[in-house]
């Protein structure tokens, strides 16, 4: 059995669903003020994460910029295009191709360097030693352009190196991490010794550098930190490094690792920063390994820098460990290295963070259960102002590689700061600067189009009907449809605006499913929607025409919700006056119930054999009639009065949360709330700004059973009334915070005396037929006798 | 109503068992009374549950118990050591990776103690994970346990514990993983899992892991993300909310874990930025760098100057909340723990062992906590 039921919207399924859709389509997203009770809390296992709305498009920066993954995030772009790419291997292959004048293809180099077997390399060497050896290549290398170049030119030095590297590889391959590494330190040392000999015998500086890399790496992987440093210092000066090579940075990475292990953190950090700046294929590792522990280490690392650009990189790496950057970070890097391309990325990244803080409304927070804290907004506001100042300065000085971005971003920062007029002017200015530009300018223009549309949304006025019309128009734009954040943001924003403009009903429908108005109905919400439904609103009619041609049905539906709500709040007369406003043609469509049956088990489904079915209006009329009859009978001393009281009690009990006809007073019931009744009557519910109200108060039913007991002279009716009163008291105990019993448990607790009176009283009726029957069925009653 | 219900006084809360006696006395027929007296006699012959066994978590990457740590464990008569073997998490590219495989540098101090390998698995590992990858993960985890376990003598472990703060969206995958792990481990190996307080309170909603035993973590009661929280590690009132109203029995035999750690939480721009473990208390006496906030506070500070703390670069304006759990709070936790239906052979595990703890909490105090929970 499902834990939750939502029958109210299903019964007259067609009608209700239709009306709900009509309402939804018409009012469009908007929403309501703060709820009476926060629907999510620390204990709420359904707590959701919300990363915020963003109106930045990736094209405004160079997405392929190697630093980008560290500063900006765009869905899974960098996962696919950066982290899942073997940059190291690609770069290495390119360096080999460069060394051989671009003759071999990348695929062939990759095969020989990374995938060939040692036997193939031995055969290749033999081929290289013979004139015309390219025709003697082994089968696996036949047609391989790189192997042919090596064989044709007799490059035995290269092949010897490749064979040596192949032997080193098993000892220096990063194990997959699922096992502790098992290194053969002796063999690795032997390789280092052999490699040093080969290094000295090798003439080519290209291969000397590669031998040096292999040896330093072997020492590092063998855990010989000092030897790693010594080898580096010994080997590096012994070859020419005029020609830039990624191998230098790879080797430097192993040196930095060894230095860090030796506790030389500043020396290591400085080298990692050099790698980060210059070597894309090792940038991730360098960033992750960069570590400074104290102020003194930071100062020491700064002293090791030889240029302002290197210092700027240190500042950059320090700043990048935070989610946000201070303007001081920006200023320092800008001062040291204004041409640093990372500045653009830092700016975009920072603006991404600011969007999270400022592009949200109270509705956003209510919906996602995350509160932006006042302190956070205050700090962010200060930062935003400082960043605005800096952006204007950078845009004006034009020292960065891309001042147009800074100029456009100035406008967006103004928008985030709430200065929409200034933003509009800045966007117009930025557009002028971008006229007749190339592809980048087009991307930036596209970005400004998005921001302009955002401005249009921010200018919507929730107090007038024009907001409805404008939101329909905005939704029709292609641009709107292409940016995923627009729709949810518009919903939240409109909802907040409607709420501010005293339109709580429109506010709910703007941001939530229409069913949200039924979970814990509010009079102001229903009144607002009724007013709207009764108004001669062309948009409403226009939208309604798409689904249903009868707006009277919408009004009837709203009246039905209002009536049910008043009924559940113990105001049957008020409810009746509301329900009587439903025209007869709609009244016949209203769902029907049968609440006056004696059903003694704890089921919440009505048996299918009912014959007497009444809609809500008829139920209330019946209740009021019973009450009239009861009072009249009692006054005239007729015993039937007690029976009427009993029937009223039965009706109220059956229509409560615990009864089979609960939906006569409610639209949504969560079975899970059984487990937390003392927290009620309003329980947290996802997708509902006000939570879910359950009718767990059975005191009204109990009062009528007590009246029946007081008036009856029939032991049989007294037994029935006492038993139902006992059920009411049992439910009241379940709702008591002191109750530790979990309904549904197979165990029977001891009821406190205060709640056990009617169970005890049942003994008086032990001789009745009802008692004899019910004591067999009810284990609780049996236990308490 | 409740026609299938049966009478069972076991559901009475622990503090109200006397009421059950009253209830039976008042209502029982003579024949029932005879039965009751028989049960009473039987009960009086039954042994009390054994004393709670102290245990300690080791949660670092290198294992080499110092002399003082070994002596501490000896004084505590600690026979069980829960040792983290590895972490499993997703990297930036969302690839599942192992981290921090344990290296045993020195096995001195382990003799005579039972090691329980622990595997911490980040919850996001199980987010949207396909079934075939769960097989792979189970295989890799077993491989890692085997590799790390090879450093111990003996390298057979009676129990293996999995620590994952699963949620409704990851529950099915985590539970499936546990089942797969069971198939990959020796038959006699007992599986256990950590149970968070919300999982303990809402077993119907969060599920019960398919393991042999649970380790209920009686801490992390507060909201670590909230800068205004009093103490996210343990607040008796918060813990009480979880314990109170929970079912009288949890579907698994339970051990209990209590916190013994300290950390500084750094909030930047209003939200949690970093956690600095075990900060030295004297650090915050440097008034040039840290200002109590508000004035007079000894646990909350504002960074006045930029600078490093515990390897993190703080900026002026960063807010720090230093949290630990003092002996009073630990005693309150122990008293509260009496309301939990712990296993007969329950262990009380302290999280976690390091040199600072040895000085902060004397061994006799931890023994006293064990006795508070279950008096001998």
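If you go through segment B:88-113 and pick out every residue that is loosely packed, with under 15 Cβ neighbours inside 10 Å and either within 19 Å of the chain's Cα centre (by Cα) or away from chain A (no Cβ under 11 Å) (or both), you end up with 6. Taking the conditions exactly as written (outside any helix (DSSP H, G or I) and within 21 Å of residue A:741 (Cα to Cα)), does residue A:657 satisfy them or not? The answer is yes for residue A:657.
Residues that are over 30 Å from residue A:632 (Cβ atoms) and either modelled with pLDDT under 90 or crowded, with 16+ Cβ neighbours inside 10 Å (or both) occur in segment A:717-731; there is at least one. Going by the conditions given, is residue B:355 without any contact (Cβ under 8 Å) to a residue 24 or more places away in the chain and surrounded by fewer than 14 Cβ atoms within 10 Å (Cβ to Cβ)? Spelling it out, it is not the case that residue B:355 is without any contact (Cβ under 8 Å) to a residue 24 or more places away in the chain and surrounded by fewer than 14 Cβ atoms within 10 Å (Cβ to Cβ). Summed over segment A:289-308, residues that are more than 9 Å from every other protein chain (Cβ to nearest Cβ) and surrounded by 14 or more Cβ atoms within 10 Å (Cβ to Cβ) total 8. Would you confirm whether or not segment A:223-237 contains a residue that is within 16 Å of residue A:168 (Cα to Cα) and in contact (Cβ under 8 Å) with a residue 40 or more places away in the chain? Yes - at least one qualifying residue is present in segment A:223-237. Of all the criteria given as (1) over 15 Å from residue B:194 (Cβ atoms); (2) within 12 Å of chain A (Cβ to nearest Cβ); (3) in a loop (DSSP other than H, G, I, E, B), the one not satisfied by residue B:220 is (1).
Only residues that are more than 14 Å from chain A (Cβ to nearest Cβ) and free of Cβ contacts under 8 Å to residues at least 40 places away in the same chain were counted across segment B:314-329, and they come to 3. Part of a loop (DSSP other than H, G, I, E, B), modelled with pLDDT under 90 and away from every other protein chain (no Cβ under 14 Å): does that describe residue A:687? Taking the combined requirement at face value, the residue satisfies it. Does residue A:435 qualify as being without any contact (Cβ under 8 Å) to a residue 12 or more places away in the chain and not in a helix (DSSP H, G or I)? So residue A:435 passes the test.
Listed here are the residues, each with its yes/no results for (1) at the interface with chain B (Cβ under 9 Å from one of its Cβ atoms); (2) in contact with a helix residue (DSSP H, G or I) (Cβ under 8 Å, 6 or more places away or on another chain).
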position: A:732; (1), (2): no, yes
position: A:737; (1), (2): yes, yes
position: A:755; (1), (2): no, yes
position: A:767; (1), (2): no, yes
position: A:773; (1), (2): no, no
position: A:784; (1), (2): yes, yes
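Considering segment B:56-155, the qualifying strands (runs of 3 or more DSSP E), each wholly inside and each with 2 or more residues that are within 28 Å of residue B:168 (Cα to Cα) and assigned by TED's automatic domain parsing to the domain that holds residue B:352, run over B:80-90, B:96-99, B:114-121. Where residues in segment B:290-313 are more than 10 Å from chain A (Cβ to nearest Cβ) and assigned to a strand (DSSP E or B), which of them is nearest to residue B:368 (Cα to Cα)? Within segment B:290-313, the match that is nearest to residue B:368 (Cα to Cα) is B:300. When the residues of segment A:662-684 are filtered to those that are crowded, with 24+ Cβ neighbours inside 10 Å and touching a strand residue (DSSP E or B) at 6+ places or on another chain (Cβ under 6 Å), the one that is farthest from the other protein chains (Cβ to nearest Cβ) is A:664. Just one of the listed residues (A:354, A:359) is over 18 Å from residue A:318 (Cα atoms), crowded, with 18+ Cβ neighbours inside 10 Å, at pLDDT 85 or above and within 12 Å of chain B (Cβ to nearest Cβ), namely A:354.
Scanning segment B:150-195 for residues that are over 22 Å from the mean Cα position of the chain (by Cα) and under 13 Å from residue B:115 (Cα atoms) turns up B:150, B:151, B:152, B:153, B:154, B:155, B:156.
The values are calculated or read from the model by the stated rules, or taken from the named source; none is laboratory data. Keep in mind that what you see is a predicted model, and the values were worked out from it rather than measured. Glycine also receives a Cβ, built like all others from the backbone with ideal geometry; neighbour counts cover every protein chain displayed.
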